[in-house]
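Inspection log for the structure reproduced underneath, given as structure tokens.
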Amino acid sequence: MCAIHQPNFLPRLTTLAKLFAADYWVVLDDVQFTRRDYQHRARLANLDDPAVQQWLTIPTYLPSGRPTLIRDAVIDDQDLARRRTAGMLQQHYGASPHWPALAEALQPVLDAFGTGKTATVAETSTRVLLDLLGWKGQVLPSSRLPARPGRSVRLADLSAATGARAYLCGTGGMTYLDQNPFAAQNIAVAPFRPPTTGIWSSGRRLSALWTFAALGPQDIAARLQALASGQSTLQTAA
């Protein structure tokens, strides 16, 4: 099963769950950077009151203006961005009993600021959270895979390049996806529909880091594993 998604900075729970349910994550790094998306920002929530929220943003410069690709976006003032990120994460989640382990796991994210690339920081943050969940999948950049132009055709080609037999599609993607290019390559399209209650009620808005700090990685891993198993069962049945 394959999921295709842009690198997101400290991704939301629903995004992380979709990637966790897949065997391959194709990092969509060669499409246009979008400032109002989650490629360079994450919404943090107060540990004790998740209704209190604050944006954490990586200041990003686009060398080619609006057409700049995600992989080419650069961090504006790496040292300041790194310090601000470290400070805000400590401020929001330092009181969690899980924070010492989380802080250690997040160190590669802070180190990635030294690359000067926003996408590298974002991808690293997602990899770190997937590692904490025990994900055993493979990460592949879209820029290194063969694919034809055209939104749905390209997604089908990227999925085929991984050897996956199913493409895991979010609810937003299902509204525009043309399934014919997938069918032509014998790839099933599996809609990913996470729960909407409990911790999932804010899963489309908040960074998943809040759930890690509030409940711990093992608890989240168990929940995502159950969700992934259900997704696999549905796909097998289909």
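Residues whose amide H falls under 5 Å from that of residue 117, counting only those 5 or more places apart or on a different chain, are 75, with hydrogens built in the peptide plane. Computed from Cα positions, the angle between helix 118-132 and the longest principal axis of the chain comes to roughly 90 degrees. Only helices enter this figure: runs of n ≥ 4 DSSP H residues, each worth -39500 (n - 2.57), summed and divided by the residues of the chain, yield -12500 deg cm²/dmol at 222 nm to the nearest 500.
Quick check for you: with a 1.4 Å probe and neighbouring chains kept, what is the accessible area per residue of segment 73-135, in Å²?
Spelled out: the 1.4 Å probe surface of segment 73-135, per residue, equals 45 Å².
When each of the peptides 110-119, 79-88 is scored by how many other beta carbons lie within 10 Å of its residues on average, the order from highest to lowest is 110-119, 79-88.
Seen from residue 10, the other residues with C-beta closer than 12 Å to its C-beta sum to a net charge of +3, counting Lys and Arg as +1 and Asp and Glu as -1. Amide H contacts of residue 169: 190, 192, each under 5 Å away and 5 or more positions distant or on a separate chain (H built 1.01 Å from N in the peptide plane; Pro and chain starts excluded). On the chain, 49 percent of the accessible area sits on carbon and sulfur atoms, based on a 1.4 Å probe.
Placing +1 on the Cβ of every Lys and Arg and -1 on the Cβ of every Asp and Glu, with no other charges, gives segment 99-238 a dipole of roughly 360 debye about its Cα centre.
Rounded to the nearest whole Hz, the Karplus-based 3J(HN,Hα) values (6.51 cos²θ - 1.76 cosθ + 1.60, θ = phi - 60°) of segment 13-21 follow the sequence 5, 5, 5, 4, 5, 5, 5, 4, 6, with x at glycine and proline.
Pairing the Cα long axis of helix 78-93 with the longest principal axis of the chain, what angle in degrees results, from 0 to 90 and rounded to the nearest 10? Result, in degrees: 80. In the chain, inverting the average of 1/r over every pair of distinct C-alpha atoms gives 18.2 Å as the Kirkwood radius.
Net charge in the neighbourhood of residue 75 (other residues with Cβ under 9 Å of its Cβ; Lys, Arg +1, Asp, Glu -1) is 0. Backbone geometry of segment 60-75 corresponds, through the Karplus equation with coefficients 6.51, -1.76 and 1.60 at θ = phi - 60°, to 3J(HN,Hα) couplings of 10, 10, 10, x, 9, x, 4, x, 3, 6, 3, 5, 9, 5, 10, 7 Hz, x marking Gly and Pro.
Any idea what the relative contact order of the chain is, in percent, if you count C-alpha pairs under 8 Å spaced at least 6 apart? Relative contact order here is 30 percent. From the Kirkwood radius over Cα pairs of segment 68-156, Stokes-Einstein at 10 °C and 1.306 mPa s returns a whole-number translational diffusion coefficient of 105 µm²/s. Entry note: segment 8-95 has Rg to Rh equal to 1.00, where both radii use alpha-carbon atoms and Rh is the Kirkwood radius. Under a 5 Å amide H cut-off, with hydrogens placed 1.01 Å from N, residue 12 pairs with 208 among residues at least 5 apart or on other chains.
Compute the length gained on full extension between residue 66 and residue 178: take 0.36 nm times their separation in residues and subtract their Cα-Cα distance, giving the result in nm to one decimal.
Result for the pair: 37.7 nm of gain on full extension.
The values are calculated or read from the model by the stated rules, or taken from the named source; none is laboratory data. Note that the coordinates shown come from a computational prediction; the quantities given were computed from them, not determined experimentally. When we count neighbours, we look across all protein chains shown, and the Cβ atoms used for this are built from the backbone with ideal geometry, even at glycine. We work out accessible area using only protein heavy atoms, side chains counted, and drop any ligands, DNA or RNA first. Shrake-Rupley method; radii C 1.70, N 1.55, O 1.52, S 1.80 Å.
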